[in-house]
Amino acid sequence: MTPGERSRVFRQKYEAMSSDERSMFNNWSRAISDFTGWGLSESEQKEREVRKSYEKDKSDCLRCEKWRNELLKTSPLVIFMSENLKKSGMSFDHSNMPCMKCDEMRSGGFSSDGVIQLCYNNLFSKGHLETTMAHEMVHAYDQANFNLDWYNLEHHACTEIRAASLSGDCTWFQEMMRGNIGFLKHHQ
């Protein structure tokens, strides 16, 4: 059967369908096109990409918020840091730990105004988020207790070393994930 004959047969079968069958077929056809991208115009493909990107961002952000809230209640490390931050006059909960999209390749950040940013688009597991939260909470603890000057490179280096050491950031597994495999010149 030639492509022209196939097209004619399809048109005949389509026109013979009831309106309910046609509606169901059209919905199915749109769903397949949306899923695969086939048969979409250039503008429809751009719209599809924007929608898919938005849906992924929304899903990643909701996952980050869910994990963050669970870790604030169940993680011994995060609970320990929260309790000690509270004793130092800083309190952390979900309201000052927003999940946000980050442009840079980082999983989180601490700002001197007392906000811990969690980068939902760069987190690969709940354990990674736990390490990130603990790392940033060490920075918050250092700022609250040691009068940090973030523009002093010695202060900044010291808090980074403490955060990496105390958060679990320098475990053998984390180093392996970064591609640092070997037995010499490692922190741990």
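The values are calculated or read from the model by the stated rules, or taken from the named source; none is laboratory data. Note that the structure is a prediction, hence the values are computed from the model and not measured. Reconstructed Cβ throughout: ideal geometry from the backbone, glycine too, with neighbour counts over all protein chains shown. Protein only, heavy atoms only, side chains kept; ligands, DNA and RNA dropped before computing areas. Shrake-Rupley method; radii C 1.70, N 1.55, O 1.52, S 1.80 Å.
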Note to self: Just to confirm a number: summing +1 for Lys and Arg and -1 for Asp and Glu over residues other than F35 whose beta-carbon lies under 11 angstrom from that of F35, what do you get?
What the structure shows: +2
Notebook entry, point to check: Which of the residue pairs K58/K86; K58/K126; K56/K126 have a Cα-Cα distance greater than 21 Å in the structure shown?
Noted result: K58/K86
Notebook entry, point to check: Can you tell which of C158, C61, C99 shows the greatest fluctuation in a Gaussian network model of the chain with Cα springs below 10 Å?
Noted result: C158
Checklist line | Sites excluded, chymotrypsin sites (Phe, Trp or Tyr not before Pro) in DSSP loops with at most 11 other C-beta within 10 Å, longest stretch of the chain | finding: 39-123
Note to self: Between the stretch 1-80 and the stretch 109-129, how far is it from one alpha carbon centroid to the other, in angstrom?
What the structure shows: 29
Next item on the list: Name the most mobile residue of M100, M90, M176, meaning the one with the largest mean-square fluctuation, in a Gaussian network model of the chain with Cα contacts below 10 Å.
Entry: M176
Next item on the list: Would you mind computing, in nm to one decimal, how far apart the modelled labels at Q12 and K126 are, each placed 7 Å from Cα along Cα→Cβ?
Entry: 5.9
Checklist line | Pairwise label distance in nanometres, E154 with T74, each label 7 Å out on the Cα-Cβ vector | finding: 4.4
Margin query: Could you tell me the calculated FRET efficiency between L62 and S88, based on Cβ-Cβ distance and R0 = 35 angstrom, to the nearest 0.05?
Written below: 0.70
Next item on the list: For each cysteine in the chain, check whether another cysteine's C-beta sits under 4.7 Å from its C-beta; list those where none does.
Entry: C61, C158, C170
Margin query: Here are labelled values, [x] 207; [y] 182; [z] 124, and one is the computed volume of the Cα convex hull per residue in Å³ for what I pasted. Which one?
Written below: [x]
Notebook entry, point to check: Treating the beta-carbon of each Lys and Arg as +1 and of each Asp and Glu as -1, no other charges, what is the dipole magnitude of the stretch 1-124 about its Cα centre, to the nearest 20 debye?
Noted result: 220
Note to self: Per residue, how large is the accessible surface of the chain? Use a 1.4 angstrom probe and give square angstrom.
What the structure shows: 68
Margin query: Using helices alone, I'd like the mean residue ellipticity at 222 nm for the chain: each DSSP H run of four-plus residues gives -39500 (n - 2.57), total over residue count, nearest 500.
Written below: -21000 deg cm²/dmol
Next item on the list: State, to one decimal in nm², a quarter of the convex hull surface area for the C-alpha atoms of the stretch 21-102, i.e. the direction-averaged projected area.
Entry: 8.6
Next item on the list: Work out which helices of the chain, taken as complete DSSP H runs, extend at least 15 Å along their axis over the Cα atoms and score a mean Kyte-Doolittle of -1.0 or more, then list them.
Entry: 19-36, 76-87, 126-146, 153-167
Check: Per the 1.4 Å probe, what fraction of the accessible area of the stretch 1-49, in percent, lies on carbon and sulfur atoms?
Finding: 54
